[in-house]
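The values are calculated or read from the model by the stated rules, or taken from the named source; none is laboratory data. Computed from a prediction, not measured in an experiment: that's the story for all the values here. Note that each Cβ is placed from the backbone with ideal geometry, even for glycine, and that neighbours are counted across all protein chains shown. Accessible surface areas use protein heavy atoms only, side chains included; no ligands, DNA or RNA. Shrake-Rupley method; radii C 1.70, N 1.55, O 1.52, S 1.80 Å.
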Amino acid sequence: MFEIQTLRKDFPILQQTIYAKPLVYFDNAATTQKPRPVVEKIKQGYYNVNANIHRGVHYLSQAATEAHEAARGAVRDFLGARFAHEIIFTRGTTEAINLIASSFAEKFLTEGDEVILSEMEHHSNIVPWQIQAARKNLTLKVVPIDETGALDLEAYRRLFSERTRLVSLTHVSNVLGTINPVETLIAIAHSHQVPVLLDGAQAVPHLGVDVRALDVDFYAFSAHKIYGPTGIGVLYGKEKRLEELPPYQGGGEMIASVSFDKTTFNDLPFKFEAGTPDYIGTTALAEALAYIEQLGRADIAAHEQELLRYATGRLQEVGGVRIFGRTERKSSVVSFLLEDIHPYDTGLLLDQLGIAVRTGHHCAQPLMKALGVEGTVRASFALYNTKEEIDVFIDGIKQVRTLFKR
Ligand code: PLP
């Protein structure tokens, strides 16, 4: 197991004080902090290897191209994909889902076709489908959740019809922490010959994901939630699936030849990567993946699960705490409400103590509606968090409670 205090030195931001209190950063589901090697990679990239990629004959351009394509290879290895050209770089999970929604709808969806989503989706896996639904007169069908925050599998089975064309679900809920039984969900969809897109934004930072073992058709995630830079994301797609889809955006890089009479498109993955990509960001993502591999994904998961167990137990001791998301398989996220105290008040008071949590609807308003609340307070833990920080957080929660009792 890694030594946590040594590891924290890799994250300079964690050393600071906020309002003269040591920072307790529990907003990791929104974005994670970046270790030195990742920031160093960005710096060294701009200092030493910056040149536009793919078209240059000169040394720097070739070095930058090699680094960028090596990063694609690192993501392929990380996801267990078959080919590097099945890895498309995007700006994030949101853009990856928009890409599929737009291209898939363009090619395959016509009036009356159905797409299955769930009640626990982030807005980025709802709104792109609503845009296509409005454009093409599609029907969106929604899998409900049960009282523990798990998907209702029987309801899911019943949603399939001969018009179902795609299933698009989150792997892990950003609010409830629920780890969905994606193997089963995919097998059911495939038994109807329906492909599946998984939103892996909250899964890859915590779980080992093997896209081939899952047999998932499309998989999306964001670098910034896994200790990498902002502005970079990944869309994995099975070669056959990506090949049959039309380009999402037009521009440089994605073409084979252009004339005013006819343009032909480039091969995978470039067909989906119009314009100059963030080739420094991709190498920093590869560095982030190497960083967590070197710590050990299983050890990170064990540490985070211990933090989750400890935080849940201590929160329950406080009394008056309502926790949302009680499935057995959960990622290190605790969403809760403290009696009838507004989540913003809880968040603001915790902030005064140097504790960063997220409050509100967490970009999941349909889920808030299903839970019958306006918002929650969410504490989410990453590899650098400690039990001592959870103790500080629990003391903070007690102070909030006392303050509002008076
Ligand atoms: N999906 C889930 C489950 C998320 O938690 C998030 C971010 O909070 C997203 C999608 C969107 O990610 P991004 O804003 O990086 O595109």
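Can you give me the % of accessible surface on the range 39-293 that is carbon or sulfur? Probe 1.4 Å, all protein chains present, nothing else counted.
That fraction is 51 percent.
Please name whichever of V373, L353, T386 sits farthest to the positive end of the charge dipole of the range 262-406, dipole taken about the Cα centre and charges placed at Cβ: Lys and Arg +1, Asp and Glu -1.
The one lying farthest along the dipole's positive direction is V373.
Go ahead and run the numbers for FRET between N50 and K136, Cβ-Cβ distance against an R0 of 45 Å, rounding to 0.05.
Given R0 = 45 Å and the Cβ-Cβ separation, E is 0.60.
Quick one: helix 59-79 against the long Cα principal axis of the chain, what's the angle to the nearest 10°, folded into 0 to 90?
60
Length gain on complete extension for the stretch D210 to E374, per 0.36 nm per residue less the alpha carbon to alpha carbon distance?
55.5 nm
GNM on the chain, C-alpha springs below 10 Å: top fluctuator among T312, T184, T346?
T184
Assuming R0 = 41 Å, what is the FRET efficiency of D340 and A70, from their Cβ-Cβ distance, to the nearest 0.05?
Here the calculated transfer efficiency is 0.15.
At 1.4 Å probe radius, can you tell me the per residue accessible area of the chain in Å²?
It amounts to 43 Å² per residue over the chain.
By how many degrees, between 0 and 90 and to the nearest 10, does the Cα long axis of helix 387-405 differ from the longest principal axis of the chain?
With rounding to tens, the tilt is 60 degrees.
Just subtract the alpha-carbon distance of T184 and E162 from 0.36 nm times their residue separation and send over the number in nm, one decimal.
Here the segment from T184 to E162 would lengthen by 5.9 nm.
What is the chain's relative contact order, in percent, from Cα pairs under 8 angstrom and six or more apart in sequence?
Here the relative contact order equals 23 percent.
Would you mind working out the magnitude of the charge dipole of the chain relative to its Cα centre, with +1 at each Lys and Arg C-beta and -1 at each Asp and Glu C-beta, to the nearest 20 Debye?
480
If I take R0 = 30 Å and measure r between the Cβ atoms of Y59 and A256 in this structure, what FRET efficiency does the formula 1/(1 + (r/R0)^6) give, to the nearest 0.05?
That gives a FRET efficiency of 0.70.
Could you give the angle, 0 to 90 degrees to the nearest 10, between helix 297-318's Cα long axis and the longest principal axis of the Cα atoms of the chain?
Here the helix axis deviates by roughly 40 degrees.
For the range 320-333, take each phi angle, set θ = phi - 60°, evaluate the Karplus expression 6.51 cos²θ - 1.76 cosθ + 1.60, and give the result in whole Hz per residue in order, putting x for glycine and proline.
Going residue by residue, I get x, 9, 10, 9, 9, x, 10, 6, 5, 9, 10, 8, 7, 10 Hz, with x marking Gly and Pro.
From largest accessible area down, sort H58, H122; use a 1.4 Å probe on the protein chains.
H58, H122
Given the options I87, A187, Y279, identify the residue whose Cα lies farthest towards the positive end of the charge dipole of the range 39-293 (+1 on Cβ of Lys, Arg; -1 on Cβ of Asp, Glu).
Toward the positive end, the furthest listed residue is Y279.
Take the alpha carbon gyration tensor of the chain, find the square roots of its eigenvalues, order them as a ≥ b ≥ c, and report rounded if a/c is under 1.5; if not, report prolate when a/b exceeds b/c, else oblate.
oblate
Taking θ as phi - 60°, what are the ³J(HN,Hα) couplings along the range 224-234 by the Karplus curve (6.51, -1.76, 1.60), each to the nearest whole Hz, with x for Gly and Pro?
For the range 224-234, the Karplus curve yields 5, 8, 10, 6, x, x, 6, x, 10, x, 10 Hz.
Which residue fluctuates the most in the chain, going by a Gaussian network model with Cα springs under 10 Å, if the choices are N48, N180, N98?
Largest GNM mean-square fluctuation: N48.
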